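Asks: Got a structure for you, written out below as structure tokens; questions coming shortly.
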Amino acid sequence: MPIVNRFHDFAEEIAGWRRDFHENPELLYDVHRTAAQVAEKLREFGVDSVETGVGQTGVVAVIKGQGDSDSVIGLRADMDALPIIEKTGKPWSSKVPGKMHACGHDGHTAMLLGAAKYLSETRNFDGTVVVIFQPAEEGGAGAQAMIDDGLISRYGIQRVFGMHNFPGHPVGTFAIRPGPLMAAADRLTITIEGKGGHAARPHLAHDPIVAGAAIITAIQSIVSRNADPLGSAVISVTMFNAGTTDNVIPQTAELRGTVRTLNPEIRDLVEQRLHEVVDQVGSAYGVTAKLLYRRDYPVTQNDEAEAEFAGDIAAKVVGERNVDRNVVPTMGGEDFSFMLNTVPGAFIFAGVGEHVANLHNEMYDFNDELIPVGCSYWATLVETALPRSA
């Protein structure tokens with residue numbers, strides 16, 4: 001594998017950091033141990049400055065190159081884990097019940113730390129690198145919190161780049177595309193108020209369970225019959241809470257789920273039709289049904305020029321034949337989208353192995369073979385984007 005610098009020499013050290021993060025997972029903004037470890041290592045590396053508590057618990061470090069360029073680029077990794085019980089059986093499995101790194105953020109953090117160590121030692125670039133360690137990617141909009149806390153403006157970041165591991169794809173491959181790469185991720189909550197009663201006398205009640213089932217069926221037609229077939233939309237109801245026993249029709253029910261879309265027009269359409277369908281189906285079943293629709297992460301939209309640049313960097317590291325420059329978009333969401341909505345940049349997928357479990361799975365574990373590849377990508381990106389004058 002054509003790694004273009006010396007990350008193989010200390011890949012095991014970086015893997016040790018990764019496994020420590022994996023053993024000690026933390027959720028959302030409660031990443032105090034992880035953030036403290038990250039800040040301590042950055043100071044040991046000799047970066048120019050370290051700031052903690054950005055966006056509550058984020059960590060930001062500045063590394064200045066050799067020369068007087070005023071160019072500034074940001075590199076971002078996420079630190080938080082997921083509320084999942086790990087079942088990998090690995091020696092470094094989670095020591096915290098009910099929490100695990102099931103999305104590889106432990107690997108993302110370790111790879112960016114490895115790149116920061118290298119860049120601090122070599123300074124083979126002209127300009128400024130801002131390394132960003134973000135909390136609360138998994139549903140907490142930590143990227144937006146860091147932006148609100150002045151991340152982009154205070155550090156003068158002009159371009160920003162992110163990376164995510166990609167199960168099912170070999171180590172040593174990358175995938176990217178210009179434009180929409182990942183979907184907007186929205187949440188829906190439907191509350192149904194009926195009339196409870198005895199299960200043997202349903203004609204005297206207004207059953208919220210039957211109404212809820214009808215609503216679930218009806219809203220599936222929004223994707224199949226309202227959205228453009230050439231567009232992309234997903235509506236998934238993932239929770240249905242109602243009732244307490246077998247002989248009572250409950251008074252209320254609650255549904256929850258997610259909506260994923262890749263363009264603003266379809267996003268607007270789905271939200272509008274959801275309100276209409278929920279209201280009208282509820283009325284037809286004699287219950288009151290209300291939809292709370294919450295827009296969370298926007299579409300992860302790569303800048304066209306920056307996506308081409310990121311693809312070129314990947315090709316330098318692993319060869320052009322190992323870079324897919326027009327990967328099919330995924331309907332997963334990513335809050336790096338908030339950063340891409342603020343300054344130009346690109347998000348790239350890095351293959352983590354063909355036999356690695358899917359993300360958000362109890363059997364997932366980051367493949368440490370990706371470490372030298374990912375670190376090399378970051379270092380090559382910096383040295384290419386901020387070249388030293390001859």
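The numbers here are math on the coordinates, done by the rules we state, and not lab data. Bear in mind that the values here come from a model prediction, so they are computed numbers and not experimental data. Here Cβ is always computed from backbone atoms with ideal geometry, including for glycine, and neighbour counts include all displayed protein chains.
Asks: Put +1 on the Cβ of every Lys and Arg and -1 on every Asp and Glu Cβ in the chain; which of 21, 75, 52 then has its Cα farthest towards the positive end of the dipole?
Replies: 21
Asks: Sort 64, 87 so that the residue with the fewest other Cβ atoms within 10 Å of its own Cβ comes first and the one with the most comes last.
Replies: On the way: 64 18, 87 14.
So the ranking, lowest neighbour count to highest, is 87, 64.
Asks: When the distances between all Cα atoms of region 240-366 are binned every 5 Å from zero, what whole-number percent does each bin get?
Replies: Per 5 Å bin, starting at 0, the Cα pair percentages come out as 2, 8, 12, 14, 14, 13, 11, 9, 7, 5, 3, 2, 1, 0.
Asks: May I ask you to compute the full-extension gain from residue 68 to residue 48, defined as 0.36 nm times their residue separation minus their alpha-carbon distance, rounded to one decimal in nm? Please list the in-between numbers first.
Replies: Details: separation 20, 0.36 × 20 = 7.20 nm, distance 1.51 nm.
Stretched fully, the residue 68-residue 48 segment lengthens by 5.7 nm.
Asks: Ok, one more. Could you list which residues have their amide H under 5 Å from that of residue 302, counting only those 5 or more apart in sequence or on another chain, with H placed in the peptide plane?
Replies: The list, which skips near neighbours in sequence, is 179, 181.
Asks: A further question on this structure: Using amide H atoms built 1.01 Å from N in the peptide plane, name the residues 5+ places from residue 296, or on other chains, whose amide H lies under 5 Å from its own.
Replies: 185, 186, 187
Asks: Follow-up. Take the Cβ-Cβ distance between residue 220 and residue 154 as r, set R0 to 45 Å, and report the resulting FRET efficiency rounded to the nearest 0.05.
Replies: Details: r = 46 Å, r/R0 = 1.02.
About 0.50, to the nearest 0.05.
Asks: State the extension gain, in nm to one decimal, for the chain segment bounded by residue 328 and residue 8, taking 0.36 nm per residue of separation less the distance between their alpha-carbons. All intermediate terms of the calculation are to be shown ahead of the outcome.
Replies: On the way: separation 320, 0.36 × 320 = 115.20 nm, distance 3.09 nm.
Value of the extension gain: 112.1 nm.
Asks: Given +1 on the Cβ of Lys and Arg, -1 on the Cβ of Asp and Glu, and no further charges, what dipole in debye does region 184-297 carry about its Cα centre, rounded to the nearest 20? Before the final figure, lay out each step's value.
Replies: On the way: 11 positive and 12 negative charges, 23 e Å.
That gives region 184-297 a dipole magnitude of about 120 debye.
Asks: Residue by residue, what Karplus-based ³J(HN,Hα) values in Hz, rounded to whole numbers, does region 229-241 have, using 6.51, -1.76 and 1.60 with θ = phi - 60° and x for Gly and Pro?
Replies: x, 7, x, 9, 8, 9, 10, 10, 8, 10, 9, 9, 10
Asks: Now for a separate question. Quick one: if you stick a label point 7 Å off each Cα along the C-beta vector at residue 32 and residue 280, how many nm between them?
Replies: 5.2
Asks: Let me ask something else about it. Suppose R0 equals 30 Å; then what is the FRET efficiency for residue 121 and residue 358 from their Cβ-Cβ distance, rounded to the nearest 0.05?
Replies: Details: r = 36 Å, r/R0 = 1.21.
For residue 121 and residue 358, the calculated efficiency is 0.25.
Asks: Here is a follow-up. What ³J(HN,Hα) values, in whole Hz, does the Karplus curve 6.51 cos²θ - 1.76 cosθ + 1.60 give for region 315-330 when θ = phi - 60°, with x put for Gly and Pro?
Replies: 5, 4, 7, 10, x, 4, 5, 9, 10, 8, 8, 9, 5, 5, x, 10
Asks: Taking θ as phi - 60°, what are the ³J(HN,Hα) couplings along region 205-215 by the Karplus curve (6.51, -1.76, 1.60), each to the nearest whole Hz, with x for Gly and Pro?
Replies: Ordered by residue, 3J(HN,Hα) equals 10, 10, 6, x, 6, 4, 5, x, 4, 5, 5 Hz.
Asks: Among 238-250, 282-294, 339-351, 372-384, how do they line up by average Cβ neighbours within 10 Å per residue, starting with the highest?
Replies: Details: 238-250: 12.6, 282-294: 16.4, 339-351: 22.5, 372-384: 24.7.
Packing order, densest peptide first, comes out as 372-384, 339-351, 282-294, 238-250.
Asks: Which of the residue pairs 90/316; 99/290; 195/290 have a Cα-Cα distance greater than 22 Å in the structure shown?
Replies: Details: 90/316 33 Å; 99/290 33 Å; 195/290 15 Å.
Where the Cα-Cα span goes over 22 Å, the pairs concerned are 90/316; 99/290.
Asks: Continuing with the same structure: Name the residues whose placed amide hydrogens come within less than 5 Å of the amide hydrogen of residue 327, ignoring near sequence neighbours (fewer than 5 apart) on the same chain.
Replies: Residues meeting the criterion, in which the H sits 1.01 Å from N, are 176, 177.
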